[in-house]
1. Scan segment 45-72 for residues that are outside any helix (DSSP H, G or I) and among the acidic types (Asp, Glu) and jot them down.
2. Being in contact (Cβ under 8 Å) with a residue 12 or more places away in the chain, in a loop (DSSP other than H, G, I, E, B) and over 22 Å from GLY113 (Cα atoms) is the filter here, so list the residues in segment 179-200 that pass it.
3. Consider THR97 against the criteria (1) polar (S, T, N, Q); (2) buried (at least 24 other Cβ atoms within 10 Å of the Cβ); (3) in contact with a Gly (Cβ under 6 Å, 6 or more places away or on another chain): it satisfies all of them except one. Which criterion is unmet?
4. I'd like the full set of residues that are away from the ligand (no atom under 13 Å from the Cβ), surrounded by 17 or more Cβ atoms within 10 Å (Cβ to Cβ) and of a type in the set (Gly, Ala, Ser), limited to segment 163-177.
5. Which of the residues that make up segment 328-355 are within 16 Å of the ligand (Cβ to nearest atom) and out of contact with any Lys or Arg (no Cβ under 9 Å at 6 or more places or on another chain)?
6. Would you mention how many residues in segment 39-57 are in contact (Cβ under 8 Å) with a residue 60 or more places away in the chain, of a type outside the set (Gly, Ala, Ser) and out of contact with any Lys or Arg (no Cβ under 9 Å at 6 or more places or on another chain)?
7. Could we say that LEU204 is of a type outside the set (Gly, Ala, Ser), within 15 Å of the ligand (Cβ to nearest atom) and outside any loop (DSSP other than H, G, I, E, B) here?
8. Right, ARG375: at pLDDT 95 or above and within 12 Å of the ligand (Cβ to nearest atom) or not?
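The values are calculated or read from the model by the stated rules, or taken from the named source; none is laboratory data. Only a predicted model underlies this, so the values are computations on that prediction, with no experimental measurement involved. Neighbour counts run over all protein chains shown; Cβ positions are idealised from the backbone, glycine included.
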Amino acid sequence: MNLELSEEQTAVRQLARDFVEREIAPHAAAWDRAEEVDRGIVKKLGEVGFLGLTVDEEYGGSGGDHLAYCLVTEELGRGDSSVRGIVSVSLGLVAKTVAAWGSEEQKRRWLPGLVSGAYVGCFGLTEPGTGSDAGRLATRAVRDGGDYVINGTKMFITNGTWADVVLLFARSTDAPGHKGVSAFLVPADTPGLTRRTVHGKLGLRGQATAELVFQDVRVPASALLGEEGRGFSVAMSALAKGRMSVAAGCVGIAQAALDAAVAYAGQREQFGKSIAHHQLVQELISDMAVDVDAARLLTWRVADLIDRGRPFAVESSKAKLFASEAAVRAANNALQVFGGYGYIDEYPVGKLLRDARVMTLYEGTSQIQKLVIGRALTGVSAF
Ligand code: FAD
């Protein structure tokens, strides 16, 4: 793998850096306090092409490789994880999945809107009773003539209240376990679908996280994404790439924490010199720097494997596991460097820590990533 970025990749990263400095960073703290990102940011992300990365230009996408996608995602994560997550879900989990599994009609119907920012997508897998063991989900889609009628509840759905389309996973046959699960593209204005905002999150407060309740929601059979009974494969393939995107966002958090800590350590004086002079402060900073590099390299390796058409799912779990834990460690170290000032929200590091914390939970907890890696090494499924 060539670790040198191409001219095009360097330009995309710079574009993302400038965009974040101009459109996101100045507002991140206010959006966090208001518990809502300004929705206008979605259209701007679409205009600059960030919602169409890796998607074919034929459907309005901006093309590019997965390394470019990681570079942009890292920059977004550096600016505001709430915004990064909106992109990772609407593009990473929904648009890219429609591009990979959708019929021609589904691609034409949904992709141009999703990649331009006219539409927002959400990914409805988790339910109140099933998180890690997603294959046992209980939402049902019952065939009725040319339609399916859907009943059930989805929980913690990122972009849920904003979404125009739900990529929904529901049980549509009596086949045991995850074999009975199918994927559907459900327009969010379909009668019978109600949404409730989940309030009181520790972090990612700017995101519209929701509970979705489906009560006799009727969709035509053409809403089925992929074959009936293949829904769990659709979900797992989406999450395998999604974990790379979460990892890239975590690199951004860790980099932001490192930058803030280095700058603060150079200014803050204690014992007659800047705290950068104290060896134990340098230890905090150097640990962060190693975490940033290691997380970034693991993440880039996943992008490289995808771009070369090689298997990548286990490497994606490794990157997500390491980068999410590294982001929490780095944000916590930065808070330590800031001392008491790190604990108040006038300074950015508290938000970094709050935002980082969920990264070890969603798209598979750290324990679940370890089981994925362990299964690949031992051949034993220990779930
Ligand atoms: P549980 O599965 O109940 O796990 C609880 C604990 O048990 C964890 O520590 C877990 O690691 C451990 N555990 C479970 N099984 C095992 C095992 N076999 N071995 C060892 N330990 C185990 N979901 C979506 O579908 N779409 C979204 O857009 C989305 N966005 C989210 C946004 C936020 C802010 C949050 C908080 C969650 C989101 N989720 C979303 C849900 C998320 O993916 C789940 O919360 C996650 O998968 C964990 O499920 P759970 O919360 O039910 O925890």
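1. ASP56, ASP65
2. GLY192, VAL198, HIS199, listed by residue number.
3. Tallying (1) polar (S, T, N, Q); (2) buried (at least 24 other Cβ atoms within 10 Å of the Cβ); (3) in contact with a Gly (Cβ under 6 Å, 6 or more places away or on another chain), THR97 fails exactly one: (3).
4. The one that is away from the ligand (no atom under 13 Å from the Cβ), surrounded by 17 or more Cβ atoms within 10 Å (Cβ to Cβ) and of a type in the set (Gly, Ala, Ser): SER172.
5. Passing the criteria: LEU352, LEU353.
6. Count: 7.
7. no
8. yes
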